[in-house]
Amino acid sequence: MIKAVIFDFGQTLVDSANGFRTAEKEAQDHLFANLGLTVRDDFLAIYRRLRKEFHERSNFSRYSLWQEVFYYFCVAVDNDLLVGWESEYWETVKKNTVLFPEVNAVLSSLGTRYKIALITNTQGQKITGTHRIGLFPELEKFFRIIIVAGENEIPPKPDPEPFRLCLEKLNIAAGQAVYVGDDYRIDICGARDADRRDDEFWDRAADAEAELDMAKQQGREMVNEARAYRERRLLGRAEDSLMEALQYMPEDPTTHKEMALVRFRQGELRQATSWMSRAIELDPDNDDYYVIMGDIYGAQRQVDEARTAWERAIELNRRNRQARRRLERLGRRR
């Protein structure tokens, strides 16, 4: 019997996607300028690799990441500068963090039937108590337990310890809780490992993982089918396949991109813009997505927006020839 619902915070209860995109762009600009480099593509490739390695180690300290970037390029580090950048980074994220719609109503409703708790990872700053959950004091009343993993000697997710600690404080077994999060490795795997001794919980988690893998495979097959239909101009069939794919993979950027292309072909430009915007939200570093977005804007005679999108594609990948050709043609028309 389910007795508790435990939530993640970022991208589960609040939307910080725009904040992270803006903060990351500003941080990359700071680093590139201070490293004295000339080839931005090479810098971005190294930066993204190091960022991925830190993320996989559940090390969310921007200060430590940027310090590693300076070490990699053999450039002396100004630690005070990095501290200032990190503060600016998180302030940008905070300013652009908003509650998802219906969060208060959902928590209020669940709270009448279940114990509600929160497990979120630290932001990686040395000072505790700076987590952006503090921006939403109205949420704290819903949670019986709030655990900021990575602070106060509690290891960050996906380590199972914060999950076990939460279960202990709620006085329930792992099989009596549902965990809601957005990150497979950090949230789902951590919750799955919370109590391997609970055979029923472990078996359900394993079954859920297998079902998730199967659903994703079915979704990918539907996207490939839709792409083939689109190329043959069978747009209605392509749309049907993509709508089915979305049932399996609602947050898959490729599926949203393909739907944008279908709407583009159908002349539904506003809908194409909406679908492509969502694809970019889900995969903001994909330079080809900005080329497509620029094309959609161009078809609507939104020249400035098209130029901005193509320029962004080149910022992400200076070798993107499609974006360069489009900007060159745009320049010749002026």
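The values are calculated or read from the model by the stated rules, or taken from the named source; none is laboratory data. Quick caveat, the model's predicted, so the values are computed rather than measured. Because the Cβ atoms are built from the backbone with ideal geometry, glycine has one as well, and the counts that use them run over all protein chains shown.
Which condition does VAL103 not pass, out of (1) touching a Pro at 6+ places or on another chain (Cβ under 8 Å); (2) more than 18 Å from LEU316 (Cα to Cα), if it passes all the others? The failed condition is (1). Give me the residue from the stretch 285-334 that is closer than 14 Å to PHE264 by Cβ and of a type in the set (Phe, Trp, Tyr) and, out of that set, surrounded by the fewest Cβ atoms within 10 Å (Cβ to Cβ). The residue in question is TYR297. Within the stretch 239-266, residues that are closer than 11 Å to VAL223 by Cβ and free of Cβ contacts under 8 Å to residues at least 40 places away in the same chain sit with their Cβ atoms under 8 Å from residues that are small (Gly, Ala, Ser) and surrounded by fewer than 19 Cβ atoms within 10 Å (Cβ to Cβ), at 6+ positions apart or across chains, in these pairs: TYR248/ALA215; MET249/ALA215. Where helices (runs of 4 or more DSSP H) sit wholly within the stretch 251-334, those with at least 2 residues that are more than 26 Å from ALA226 (Cβ to Cβ) and within 24 Å of the chain's Cα centre (by Cα) occupy 303-316. Could you please let me know if SER87 is closer than 16 Å to PHE20 by Cβ, touching a Lys or Arg at 6+ places or on another chain (Cβ under 9 Å) and not assigned by TED's automatic domain parsing to the domain that holds ALA177? So SER87 does not fit the description; no.
Can you name the residue in the stretch 54-77 that is of a type in the set (S, T, N, Q) and over 14 Å from LEU31 (Cβ atoms) and, of all such residues, is modelled with the highest pLDDT?
Taking the stretch 54-77 first, the residues of a type in the set (S, T, N, Q) are 58-59, 61, 64, 67.
In the following step, the residues that additionally are over 14 Å from LEU31 (Cβ atoms) were identified as 58-59, 61.
Values: SER58: 83, ASN59: 85, SER61: 89.
Checked the stretch 54-77; the qualifying residue modelled with the highest pLDDT is SER61.
Considering each of LEU118, LEU99 in turn, give the residue that is at pLDDT 90 or above and over 18 Å from the mean Cα position of the chain (by Cα). The match here is LEU118. Number of residues in the stretch 1-32 that are more than 17 Å from the chain's Cα centre (by Cα) and part of a loop (DSSP other than H, G, I, E, B) equals 3.
Restricting the stretch 1-38 to residues that are without any contact (Cβ under 8 Å) to a residue 24 or more places away in the chain and either outside the structural domain of LEU81 (by TED's automatic domain parsing) or over 19 Å from GLU68 (Cβ atoms) (or both), which is surrounded by the fewest Cβ atoms within 10 Å (Cβ to Cβ)? Among residues in the stretch 1-38 that are without any contact (Cβ under 8 Å) to a residue 24 or more places away in the chain and either outside the structural domain of LEU81 (by TED's automatic domain parsing) or over 19 Å from GLU68 (Cβ atoms) (or both), the one surrounded by the fewest Cβ atoms within 10 Å (Cβ to Cβ) is THR38.
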